[in-house]
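Take a look at the structure below.
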Amino acid sequence: MGENLPSWGLVLVRILVGGILGVKAWFMLKHGVGEELVRGTRDAYAASPGIVKSWGEAVVLVHPWFFSKLAVFGALVGGACLFLGALTRPFGYLLAFLLANVFFVTEGTEQVLALLLCVCCLACAMSRAGMRSGADVFLLEKLPSWMTWMRA
């Protein structure tokens, strides 16, 4: 089993990315982010490529309250899970999806950071980065595989 564990480098990436997302989400919660988080993306979604534009205009912008809360709480809970190495596979993929959306609705350094964090979340999910020095070691035995997205 030891040879199938992710590298310590990915563990450090997992912890750092989880910390960054958790702190950013906590800051947003503390300062009262609301629907303006989503409503401010209208022009960016309009300028986005096909499927992203359709997703943004037909789903995200129609429910700004829900998606603003989902983004903030998703980053907070997902960041905490990555930091702790708990459920890294499902939360890694979900955070990558969230950050891919952020990539299309931001510009400049925020866009670059979103892309970098997106790729890091994908790497953590694909490598099962919580299986080395993380809570996934314990959760794998306790939770069903549909919840951990890993084979039992």
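Quick check on LYS142: is it within 21 Å of MET28 (Cα to Cα) and either hydroxyl-bearing (Ser, Thr, Tyr) or surrounded by fewer than 20 Cβ atoms within 10 Å (Cβ to Cβ) (or both)?
Judged against the criteria, LYS142 is not a match.
Considering every residue within the range 42-52, establish whether at least one is exposed (fewer than 13 other Cβ atoms within 10 Å of the Cβ), of a type in the set (D, E, K, R), over 13 Å from the mean Cα position of the chain (by Cα) and under 23 Å from ALA125 (Cβ atoms). Steps first, please.
Taking the range 42-52 first, the residues exposed (fewer than 13 other Cβ atoms within 10 Å of the Cβ) are 43, 46-47, 49-51.
Within this subset, residues satisfying the condition of being of a type in the set (D, E, K, R) are 43.
If we keep only those that are over 13 Å from the mean Cα position of the chain (by Cα) as well, we get 43.
Keeping just the survivors that are under 23 Å from ALA125 (Cβ atoms) gives none.
Scanning the range 42-52, I find no residue that is exposed (fewer than 13 other Cβ atoms within 10 Å of the Cβ), of a type in the set (D, E, K, R), over 13 Å from the mean Cα position of the chain (by Cα) and under 23 Å from ALA125 (Cβ atoms), so the answer is no.
Please enumerate the residues belonging to the range 87-121 that are polar (S, T, N, Q) and under 12 Å from ALA44 (Cβ atoms). Break it down into steps so the answer makes sense when it comes.
First pass over the range 87-121, keeping only residues polar (S, T, N, Q): 88, 101, 106, 109, 111.
Result: ASN101, THR106, GLN111.
Only one of GLY9, GLY32 is out of contact with any strand residue (DSSP E or B) (no Cβ under 9 Å at 6 or more places or on another chain), surrounded by fewer than 14 Cβ atoms within 10 Å (Cβ to Cβ) and on the phi > 0 side of the Ramachandran plot; which? Result: GLY32 is the single residue among GLY9, GLY32 that is out of contact with any strand residue (DSSP E or B) (no Cβ under 9 Å at 6 or more places or on another chain), surrounded by fewer than 14 Cβ atoms within 10 Å (Cβ to Cβ) and on the phi > 0 side of the Ramachandran plot.
Looking only at residues of the range 104-138 that are assigned to a helix (DSSP H, G or I) and acidic (Asp, Glu), we find that the one that is surrounded by the fewest Cβ atoms within 10 Å (Cβ to Cβ) is GLU110. Of all residues in the range 79-103, exactly one satisfies the criterion of being polar (S, T, N, Q) and either in a loop (DSSP other than H, G, I, E, B) or within 25 Å of GLU36 (Cα to Cα) (or both), namely ASN101.
Computed from the coordinates by the stated procedures, all read-outs in this text should not be read as laboratory data. Note that this is a predicted model, so its numbers are computed, not measured. Neighbour counts are summed over all protein chains in view; Cβ atoms, including those assigned to glycine, are modelled from backbone coordinates with ideal geometry.
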